[in-house]
1. Could you work out, for the range 64-175, what percent of all Cα-Cα pairs fall into each 10 Å distance bin, beginning at 0 Å and stopping at the bin that holds the largest distance?
2. Once label points are set 7 Å from the Cα along Cα→Cβ at both ASP91 and ASN266, what is their separation, rounded to one decimal in nm?
3. Going through the range 260-308, which trypsin sites (Lys or Arg not before Pro) have at most 11 other Cβ atoms within 10 Å and a DSSP loop state?
4. Whole-Hz ³J(HN,Hα) for each residue in the range 233-239, computed from phi via Karplus 6.51 cos²θ - 1.76 cosθ + 1.60 with θ = phi - 60°, x for glycine and proline: what do you get?
5. Rank MET242, MET224, MET86 by mean-square fluctuation in a GNM of the chain with C-alpha springs under 10 angstrom and give only the top-ranked residue.
6. If the only charges are +1 at each Lys and Arg Cβ and -1 at each Asp and Glu Cβ, what is the size of the charge dipole of the range 153-310 around the Cα centre, to the nearest 20 debye?
7. How big is the dipole moment of the range 1-151 about its Cα centre under a simple scheme where the beta carbon of each Lys and Arg is +1, that of each Asp and Glu is -1, and everything else is neutral? Debye, nearest 20, please.
8. Taking every Cα atom in the range 126-213, find the radius of gyration and the maximum pairwise distance Dmax, and write them in Å.
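Quick note: the coordinates plus some simple rules give every number you see, no bench work behind them. Fair warning: this is a prediction, and the values are worked out from it, not measured in the lab. Note: ideal-geometry Cβ built from the backbone for every residue, glycine included; neighbour counts use all protein chains shown.
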Amino acid sequence: MTSGGNLSPFGEIVVIANPHSGRGAAGAGLAGIERALRDAGLGYRIARTAGGGHATELARDALRGGGRYLVAAGGDGTVHEVVNGMLDDDDGRPAAADAVLGVLACGSGCDFVRTFGLPGDVTVAVRHLAGDSVRRIDVGRLTCTPGVTRYFTNIAEAGLGGTVVARTAGLPAFLGGARYLCGFWLTLPGFRPATVRLEADGQAYQWRAHNLVVANCRFYGGGMQISPASEPDDGALDVLVMAGPKSDAFTTLPRVYRGTHLPHRNIAALRAGRLRVDADPPFDIEADGEVLGTTPATFEVIPGAIQLKI
């Protein structure tokens, strides 16, 4: 659907909407989104996704057609797919240097926007789509086994977190925002730590660890402030290695929500532009809530890759 109206400074808004996100909340809320866009006098068109990966195709098609203002309407997975459509597969360069990403958070997992203080209410969030204020942010590039390369804006994990996300994907949708915590408690008892070998900007490390977080932004898992010092425009990734007993994963949980768990004697904190991770046995890997593969894996930062509308 297309609507007239005044064009933003970045042209017509292309709303890439996942109608199934948030147990169908995004689809049900599209009428409200369109009404708010019309009330704001913004010209737009709606592009609905039809399945996994389709948002990436829609983003690429929009850019090829001259669109420059792409708005992801859904959860973190929708943002993840749109961003992957905005960047070149091979080197992470923007497919269009002047393209702008907007976000209307209406999925079951919307942690990316928390770092920027963007509202979770989509009607209020539409107001942030007007005007010309943007923030250029970094993006992480992840390559993992079996030969998967993907870009992420928020947070990636290897280990317990990756296995939790994989388990969560199989839980019923009616659990909503509680799915991650349910997946966590179902996964933790049977999870086993591994020997983790890490090379960060050429420096080698080794731990017995149960989880590794690679953060561009601060929040994940439905509001946990896992990396409170992360700045998404500082040209580096924040790396947290959970090297203590796996019981730390739940004893620190209340402080993780508040972002007061660091420093911690059992969490090694590093910053790097590039890192390689291996684990024995291999760890599951997720990024932006999407299960992608296993270790060995490499992570690197792409500085200033995306313009985010704020």
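1. 12, 41, 35, 12, 0
2. Label-label distance for ASP91 and ASN266, simple model: 4.5 nm.
3. Answer in residue order: ARG265.
4. 9, 9, x, 8, 9, 8, 10
5. Looking only at MET242, MET224, MET86, the biggest GNM fluctuation is shown by MET224.
6. For this selection, approximately 520 debye.
7. 260
8. Final numbers for Rg and Dmax: 17.4, 50 Å.
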